[in-house]
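Written out below as structure tokens is the structure these notes cover.
All of the numbers you see were taken from the coordinates with simple rules; none came from a lab. Treat the numbers as computed from the prediction; the structure is a model and nothing was measured. Ideal geometry is used to build each Cβ from the backbone, glycine not excepted, and the neighbour counts take in all protein chains shown.
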Amino acid sequence: MSDIELWALIFTVLTFSLYIGIAFRTRVKDTEGFYVAGHGVPAAANGAAIAADWMSAASFISMAGLISFLGFDGAIYLLGWTGGYVLLALLLAPYLRKFGKYTVPDFVGDRYSESARAVAVVAAVFVSFTYVAGQMAGVGIVFSRFIGVTITTGVIIGMCVVVIYAVLGGMKGITWTQVAQYSVLIIAYLIPAWAIAARLTDVPVPQISFGEIATTLDQLQTDFGLSSYTEPFTNRPMQDVFFVALALMIGTAGLPHIIVRFYTTPSVRAARYSAGWALLFIALLYTTAPAVAVFSKTNLLEDVANQPWSERPDWIRNWEATGLMGFEDANGNGLVDSITSNPETAPGELVVSPDIMVLANPEIAGLPAPVVGLVAAGGLAAALSTASGLLLVIGSAIGHDLYYKRFRPEATEKQRLAAGRIAIGGAVLVAGYFGVNPPGFVAQVVAFAFGLAAASFFPIIVLGIFWKKTNAVGAVSGLVTGLTLTALYMYMTLYGGMEPWFGISPEGIGAIGAIINFAVTITVSNLTAPPSDDIQLLIEEVRHPRLGGEAVRLPDSERVTSGPS
């Protein structure tokens, strides 16, 4: 075992032991604790949990790698994901907390109808499985390189750990585990970035040294025959940059596993504050990611560009063994004459997966083995934190919204809790399969999930809060139309051989799906009967989140009132 594998194993065992220990300390015995942590999570802790839940393996492992190859165009991930959080904080978080239920299908069911709830359950499961595939793939990548096991074995280990704390503690256990995981991942991300910044520029602040290294990288890329790193729209057309950023933005505000986190706070005020804390915690990583992208691409080009492949550094030989980096000498001169991250769209001799750039960055820069091991633990923390949140969404959609709300309303508390736990266990098995057989890069798969969320949940939640005339027929029509068209476009462009329309990639089509969803929902709602007076009174209550307690839907014979403050 190498020093890197030893330190990675040490940090992995320590952090996994911490997560499992938290799970045993926070195990729950009732559905309120299992699904919404008893509405008792403090704002700052919820902000850290949201940050860990949302940033995921895509942010930690893959985002900087994609930016390193996309250059200026890679800013879509920064703009889309962070901009979406502003939308979520302003448009949805306080109102959904005022609503005071357990899940997104809960809101859809009470706001629209039970049929709409069933459709929302299907959509939530579909979106969540798409997202969790990227997380489990990230787990497998980290284990295969740093622990010395296969990707399949790594995914199985990750499945076992996440099922322990998700099943035992539910949302309560997941929340406090995510607080710990955020601490691990942000330390693991920042320490190498600071160290590399100091080594390259003598300024140990990545956000400051970024500009100097970007100028150097522009020259390196030009000398190597690539476009300037900072030149816009060289890797994606302008319209695609716009639509991908928009899809990621509104997709963020429609993700079920993020929305449900605002149900866990003690009050509407705490929900607002937790959104602010989350933005702060997220900014620590997101303002560092562009610098990490520039550092890693600069180091990569300096090591291999126009260099003999036979003299490649050890870190490349290590990553070759994972299958995520490979070289084919097209002209037989033995030199690395071209580099690509996607040989299908941009042929090149050296093929480098974007998923390795952050994980390999400490090795590329020659940092000590403990730092490399810490980065491995951080990558696992990022992947597992989001995977657990997604699995809870799937479990709650099946156990709470389907089993209890639709089929067994007479179920006891014990039966409802068992149903949620069984659903999570089954979801873990499916997630593991997709982790071993992902449909794309980690960040790419996650971008698909954001597009699906944008085309399905965002329009009907926004309209459900701000337009009282939105009815069940309109909401179901819009959700089904937006989700179906978006998923079909993704499938046909990825696997059906269809060329993207107007240059819009599968990651960007979610924005179009959302526009179609809005249009269909509004049109159908205007052509059909408006919601009942009871539902319209409910929405009036939800739209004034400062007035006190949770909004309550009562029978038609009674009026809607506020709950206790």
- [ ] Relative to the longest principal axis of the C-alpha atoms of the chain, give the angle of the C-alpha long axis of helix 442-466, reported between 0 and 90° and rounded to the nearest 10°.
- [x] 30
Task: Long-range tail of P(r) for region 1-114 (Cα pairs > 17 Å, %) - done: 73
- [ ] List the pair-distance distribution P(r) of the chain, using every Cα-Cα distance, as the percent of pairs falling in each 10 Å bin from 0 up to the bin containing the longest distance, rounded to whole percents.
- [x] 4, 19, 29, 26, 14, 6, 2, 0, 0
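Where Lys and Arg each count +1 and Asp and Glu each count -1, what net charge lies around T31 among other residues with Cβ under 9 Å from its Cβ?
Computed value for this residue: -2.
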Task: Convex hull volume per residue in cubic angstrom - Cα atoms of region 376-518 - done: 157
TODO: List every residue whose amide H lies under 5 Å from the amide H of Q307, counting only residues 5 or more places away in sequence or on a different chain, with H placed 1.01 Å from N in the peptide plane.
DONE: V336
- [ ] Could you pull the Rg and Dmax for region 256-311, using just the Cα atoms, both in Å?
- [x] 20.5, 62
- [ ] Return one number: the angle in degrees, 0 to 90 and rounded to the nearest 10, between the long axis of the Cα atoms of helix 151-201 and the longest principal axis of the Cα atoms of the chain.
- [x] 40
Task: Distance cut-off 17 Å, percentage of C-alpha pairs in region 218-289 lying past it - done: 67
Task: Backbone HN-Hα couplings from phi across region 392-403 [Karplus 6.51/-1.76/1.60, Hz, Gly and Pro as x] - done: 5, 4, 5, x, 6, 5, 7, x, 8, 6, 8, 5
- [ ] Kindly state, as a whole number, the per residue volume in cubic angstrom of the convex hull around the alpha carbon atoms of region 198-323.
- [x] 181
Task: Separation between Cα centres of region 295-339 and region 473-515, rounded to whole Å - done: 37
TODO: Determine, at each q value in 0.19, 0.25 (inverse angstroms), the log₁₀ of I(q)/I(0) that the Debye formula gives when each Cα of region 176-219 is one equal point scatterer.
DONE: -0.61, -0.79
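Excluding L70 itself, calculate the net charge of residues whose Cβ lies under 15 Å from the Cβ of L70, where each Lys or Arg counts +1 and each Asp or Glu counts -1.
-4
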Open item on the list: Taking a cut-off of 15 Å, what percent of all Cα-Cα pairs in region 328-412 are separated by more than that?
Closed with: 75
Open item on the list: Taking the 0 to 90 degree range and rounding to the nearest ten, how far is the long axis of helix 509-527 tilted relative to the main principal axis of the chain, both from C-alpha atoms?
Closed with: 10
- [ ] Using the Karplus curve 6.51 cos²θ - 1.76 cosθ + 1.60 with θ = phi - 60°, work out ³J(HN,Hα) for each residue of region 338-352 in order, rounded to whole Hz, and write x for Gly and Pro.
- [x] 7, 10, 8, 9, 9, x, 6, 9, 9, x, x, 6, 9, 9, 10
- [ ] Under 9 Å from the Cβ of N306, count the other residues' Cβ atoms, weight Lys and Arg +1, Asp and Glu -1, and hand me the total.
- [x] -2
Open item on the list: At a 10 Å Cβ-Cβ cut-off, how would you order V358, V28, V121, fewest neighbours first?
Closed with: V28, V121, V358
TODO: Could you grab the Rg to Rh ratio for region 243-392? Cα atoms only, Kirkwood for Rh.
DONE: 1.08
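Please report the orientation-averaged projected area of region 41-189, defined via the convex hull of its C-alpha atoms, in nm². The partial results should precede the final answer.
Numbers: hull surface 42.8 nm².
Dividing the Cα hull surface by four gives the mean projection, 10.7 nm².
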Open item on the list: Under 14 Å between alpha carbons, and skipping anything fewer than 8 positions from K98 in its own chain: which aspartates and glutamates qualify?
Closed with: D106, D110, E540, E541, E550
Task: Segments 406-417, 38-49 sorted - mean Cβ within 10 Å per residue, highest first - done: 38-49, 406-417
Open item on the list: If packing is taken as the average count of other Cβ atoms within 10 Å, what order do 373-386, 498-511 fall into, highest mean first?
Closed with: 373-386, 498-511
